[in-house]
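Quick note: the coordinates plus some simple rules give every number you see, no bench work behind them. Being a predicted model, the structure only gives us computed values, none of them experimental. Cβ placement follows ideal geometry from the backbone for every residue including glycine, while neighbour counts extend to all protein chains displayed.
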Amino acid sequence: MNKKNFLGTVCVAVALSAVVSACGDGTTRSAGWEFSPNMYEPLAFNPDQPNPNFKDNKTAQLPPTGSDPIGFVRFEYPNTTEGYTQAGLEVKSPLAMTDVNLKQGEALFLTYCAVCHGKEGNGDGPLTKDRKVKDSRGERDLEKFPPPPSFHRSAGAKSTRGTVMADLSDGQIFHTITYGYNAMGSHASQLTPDERWKVVMYVHELQKK
């Protein structure tokens, strides 16, 4: 047998032995050799696993006090009446009034605000109307939200905080979008600070009507 045939025979024998040994002996559930076991047996701790690397033996740790997530912008005014009043006096929009910003503010308003405030800011959004749904349980009324006051100066409407809606300042509107008020929930998780300022910009346009 020449050298080439010998090497070929050895390779075949090794491959055959590997295949046979991987198949098991029929008495065990072992699958034989595992390929890349770290892909499904991670070395890192799962969040709910005990972890001896920390004093409390917990993997999921609270962030350090006062730290902010990456990309998070802290709003320093608290969610209180005093914080709302102070924000109304001190906070001004950092964005320039441009056609692009105003157009984006309109799009964001129509997406996130018009369902209650209405497309024109009249407080007549679809969630304030009588609505019904029909499904396997039959026809029933959907929850109806109270209409918010109109932003339009011509309406002369006042907010529940006593301020004329058309006189709401940058800081007052931004504070309300950030924290919510009454039936309106916080939109801080849906809108970035810049997006909130663009909505403020568009609301100021509605106040002129």
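Some notes on this structure:
- Surrounding net charge for residue 151, when Lys and Arg each add one and Asp and Glu each subtract one, Cβ distance under 15 Å: 0
- A simple packing score, the average count of other Cβ atoms within 10 Å per residue, orders the peptides 137-144, 162-169, 188-195 as 162-169, 188-195, 137-144, with the highest score first.
- When only alpha carbons are used to place a centre, segment 150-204 and segment 132-148 end up 27 Å from one another.
- Take the Cβ atoms of residue 55 and residue 184, set R0 to 45 Å, and the FRET efficiency comes out at 0.60.
- GNM remark for the chain: springs join alpha carbons under 10 Å apart, and the peak mean-square fluctuation among 122, 57, 79 falls on 57.
- Overall, segment 64-209 carries a charge dipole of about 460 debye about its Cα centre when +1 sits on the Cβ of Lys and Arg and -1 on the Cβ of Asp and Glu, all other atoms neutral.
- For the chain, the calculated P(r) over all alpha carbon pairs, in 10 Å bins from 0 to the bin holding the longest distance, is 7, 21, 19, 11, 12, 9, 8, 8, 4, 1, 0 percent.
- Given charges at Cβ of Lys, Arg, Asp, Glu: the chain dipole, positive-most of 83, 117, 204: 117
- Backbone phi angles across segment 186-202, fed through the Karplus curve with coefficients 6.51, -1.76 and 1.60 (θ = phi - 60°), yield HN-Hα couplings of 5, 10, 5, 7, 8, 10, 5, x, 4, 5, 5, 5, 5, 5, 4, 4, 6 Hz in residue order; Gly and Pro are listed as x.
- Calculated from the alpha-carbon coordinates, segment 59-166 shows an Rg and a Dmax of 19.5, 58 Å respectively.
- The lysine pair tally for segment 26-152, using Cα distances under 30 Å and a gap of 8 or more places or different chains, is 12.
- Normalised per residue, the volume of the convex hull around the Cα set of segment 81-128 (Å³): 108 Å³
- Residue of 181, 84, 40 that the Gaussian network model of the chain assigns the largest fluctuation, springs spanning Cα pairs under 10 Å: 40
- Whether segment 104-209 is rounded, prolate or oblate, judged on the alpha carbon gyration tensor where a/c under 1.5 counts as rounded: prolate
- Note on segment 60-148: with charges restricted to the Cβ of Lys and Arg (+1) and Asp and Glu (-1), its dipole about the Cα centre is near 380 debye.
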